[in-house]
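Reviewing the structure listed below.
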Amino acid sequence: MPNPVSALFARPNDDTTKTVTIAALVAFVCAILVSTASVLLGPIQQAQIDAEQAARMESMLDTLPGMRQVMEEAGVTALETRIVDLQTGQFAPDIDPATYDFVAAATDPELSVAIPTDDDLASIRRRPLYAPVHLLERDGDLLLIVLPVYGSGYASTIRAMLALEPDLSTVAALTITEQAETPGLGARITEPDWQSLWPGKELLNEEGDIVIEVVRGQAQSVHEVDGLSGATRTGDGVTFALHFWMGPNGFGPFLDRLAEEGL
Amino acid sequence: MARWAHHLTTPLVKENPVTLQILGICSALAVTTSLTTAAMMSVALTAVLCMSSAIISLIRHHIPTSIRLIIQITIIASLVIVIDELMQAFAFEISQQLSVFVGLIVTNCLVLGRAEAFAMRNPVGPSVLDGLGNGLGYSLILMLVGGIRELLGAGTLFGQTVFVTVADGGWFEPLGLMQLAPAAFFIIGLLIWVIRTRWTAQIEAPKFKLHPSLKSAGGRS
């Protein structure tokens with residue numbers, strides 16, 4: 001009597017049992033292959049992403065005039081990272097910035113909160129309870145603060161680092177850290193040419209309202225940034241992300257407290 | 001081996017998948033703004049094509065006809081995911097530039113076309129050679145288009161300056177058009193023209209003809 005395996009393979013190819021078995025076998029082998037690759041390579045990919053984000057932060061600091069010198073005088077080589085409780089606007093010293101995962105927290109029901117639909121300018125549905133901020137201070141005076149912001153663009157979630165001057169309205173730099181917009185159109189927000197339009201822009205008007213906008217075509221004032229042609233919705237995504245994160249559901253309470261009490 | 005060699009060489013020019021069969025055009029437009037991305041895409045596609053041909057040829061006698069396309073796609077998709085993951089781990093910057101196009105190798109008709117047309121009916125050796133040949137044929141066109149676009153669009157090759165641009169104090173005014181997708185269409189079109197002038201057998205018979213009376217009426221000005 002032949003063994004069952006060769007008996008199965010000896011069946012005709014249109015046999016139902018063989019069809020189902022082959023399909024299951026192929027699916028199983030492929031699943032093993034894909035998941036093995038994903039698990040084995042995951043840590044290496046994460047290290048690449050982390051290294052790239054750190055490099056982006058470094059190159060952003062390099063674009064700020066005099067920032068390196070200030071840091072040297074303050075005796076630091078990197079910005080200090082602190083965790084902020086977004087609701088109260090207070091620092092949360094009991095959370096370790098080194099291990100807090102801002103991105104993962106956004107989908108963790110225990111670490112995030114749903115945003116009311118009307119307030120969800122950035123179309124992100126939930127936001128983390130805590131957010132990291134990176135800052136540079138000297139003798140208790142704030143010199144620079146960098147806020148992580150994100151929102152939905154045209155095809156992807158756009159993540160950016162927004163560096164603000166001590167007046168908490170003037171943009172020192174904006175750098176896009178993650179996006180998957182249309183290559184050649186929206187994806188051009190990652191180009192230095194576009195990001196160099198941001199320094200000096202004012203997020204707030206005299207009344208303190210958030211008015212910054214990526215416009216179609218040429219910017220007319222310090223509250224406007226040139227849009228990229230063919231990428232209106234990507235530009236809107238950046239605009240709405242800034243409005244959300246500067247507003248009451250984002251860093252608003254923290255920035256208000258900072259303006260009143262300082263660090 | 002020698003009698004199989006034509007599997008490797010014919011797809012290079014004579015039966016080039018891009019210029020004769022017009023397959024794989026989407027990625028050929030998207031990733032050819034520079035030689036580096038074109039080269040990386042070529043390597044990824046050739047690797048996937050060789051491996052998928054080998055695997056599908058290996059199990060071809062046991063693939064049930066009714067689900068053969070699904071089996072082929074499953075195998076191709078798994079290989080593409082593995083390649084994509086490898087690139088994200090070891091060639092991070094280029095994989096960022098290639099963005100979705102590595103993943104889209106799955107939908108590249110070239111890969112499925114070779115699986116269905118060749119690997120399903122031939123032993124492993126010729127199938128791998130056929131995959132390699134077609135991969136190299138695709139790569140050849142990609143590198144040509146990428147080279148022309150990068151040279152004329154930015155004055156560089158593989159990121160190394162060849163023509164010094166006006167912005168850097170040289171003489172070369174980059175052709176912005178070359179960095180846009182239509183330029184790839186023009187170049188591939190010109191390549192097809194050149195190849196079909198040389199190898200006239202590639203010219204397709206017209207699918208229909210205008211009635212003689214229309215021609216003489218001068219309908220087109």
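The values are calculated or read from the model by the stated rules, or taken from the named source; none is laboratory data. This is a predicted model, so every value here is computed, not measured. Positions of Cβ are generated from backbone atoms using ideal geometry, with glycine treated the same way; all protein chains shown enter the neighbour counts. These accessible areas exclude ligands, DNA and RNA; they are computed on the full protein's heavy atoms, side chains included. Shrake-Rupley method; radii C 1.70, N 1.55, O 1.52, S 1.80 Å.
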*Six or more apart or on different chains, Cβ under 6 Å: which pairs go from a residue in region A:48-59 that's over 19 Å from A:Glu80 (Cβ atoms) to one that's open to solvent by less than 60 Å² (accessible area, probe 1.4 Å)? Could you list them?*
A:Gln48/B:Phe92
_It is to be established whether one or more residues within region A:1-16 are at the interface with chain B (Cβ under 10 Å from one of its Cβ atoms), assigned to a loop (DSSP other than H, G, I, E, B), open to solvent by 40 Å² or more (accessible area, probe 1.4 Å) and acidic (Asp, Glu)._
yes
*Only one of these is modelled with pLDDT under 90 and among the basic types (Lys, Arg): A:Arg216, A:Arg138, A:Arg233. Name it.*
A:Arg138
*Mind listing whichever residues of region A:159-169 are assigned to a strand (DSSP E or B) and either of a type in the set (A, V, I, L, M) or on the phi > 0 side of the Ramachandran plot (or both)?*
A:Ala160, A:Met161, A:Leu162, A:Ala163, A:Leu164
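Residue-wise test of (1) part of a loop (DSSP other than H, G, I, E, B); (2) not hydrophobic (A, V, I, L, M, F, W, C).
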{"position": "B:Trp4", "(1), (2)": "no, no"}
{"position": "B:Val18", "(1), (2)": "yes, no"}
{"position": "B:Gln21", "(1), (2)": "yes, yes"}
{"position": "B:Thr32", "(1), (2)": "yes, yes"}
{"position": "B:Ile55", "(1), (2)": "no, no"}
{"position": "B:Asp84", "(1), (2)": "no, yes"}
{"position": "B:Glu93", "(1), (2)": "no, yes"}
{"position": "B:Leu98", "(1), (2)": "no, no"}
{"position": "B:Gly113", "(1), (2)": "no, yes"}
*Give region A:17-65 a look and list any residue that's more than 7 Å from chain B (Cβ to nearest Cβ), β-branched (Val, Ile, Thr) and under 16 Å from B:Met87 (Cα atoms), or say none.*
A:Thr36, A:Val39, A:Ile49
*Tell me which residues, restricted to region B:51-73, are hydrophobic (A, V, I, L, M, F, W, C) and at the interface with another protein chain (Cβ under 10 Å from one of its Cβ atoms).*
B:Ile55, B:Ile59, B:Ile63, B:Ile67, B:Ile70, B:Ile71
*Whichever residue in region B:74-91 is open to solvent by 20 Å² or more (accessible area, probe 1.4 Å), facing chain A (nearest Cβ under 8 Å) and of a type in the set (A, V, I, L, M, F, W, C) and, among such residues, is nearest to B:Met120 (Cα to Cα)*: B:Ala77
*Give the residue that is nearest to the chain's Cα centre (by Cα), with candidates limited to residues of region B:92-111 that are open to solvent by 40 Å² or more (accessible area, probe 1.4 Å) and more than 10 Å from chain A (Cβ to nearest Cβ).*
B:Cys109
_Filtered residues of region B:74-87 (kept if in contact with a Leu (Cβ under 7 Å, 6 or more places away or on another chain) and not hydroxyl-bearing (Ser, Thr, Tyr))_ = B:Ile76, B:Val82, B:Glu85, B:Leu86
*Pull up region A:169-212, narrow it to residues that are closer than 22 Å to A:Ser229 by Cα and of a type in the set (D, E, K, R), then point me to the one that is surrounded by the most Cβ atoms within 10 Å (Cβ to Cβ).*
A:Glu181
*strands (runs of 3 or more DSSP E) wholly in region A:66-158 with at least 2 residues that are under 16 Å from A:Leu258 (Cβ atoms), open to solvent by 10 Å² or more (accessible area, probe 1.4 Å) and of a type in the set (A, V, I, L, M, F, W, C) - which ones?*
A:141-152
*Does A:Val214 satisfy being among the β-branched types (Val, Ile, Thr), more than 23 Å from A:Gly66 (Cβ to Cβ) and outside any loop (DSSP other than H, G, I, E, B)?*
yes
*Check B:Leu140 against each of (1) more than 14 Å from every other protein chain (Cβ to nearest Cβ); (2) open to solvent by 60 Å² or more (accessible area, probe 1.4 Å); (3) free of Cβ contacts under 8 Å to residues at least 60 places away in the same chain and name the one condition it does not meet.*
(3)
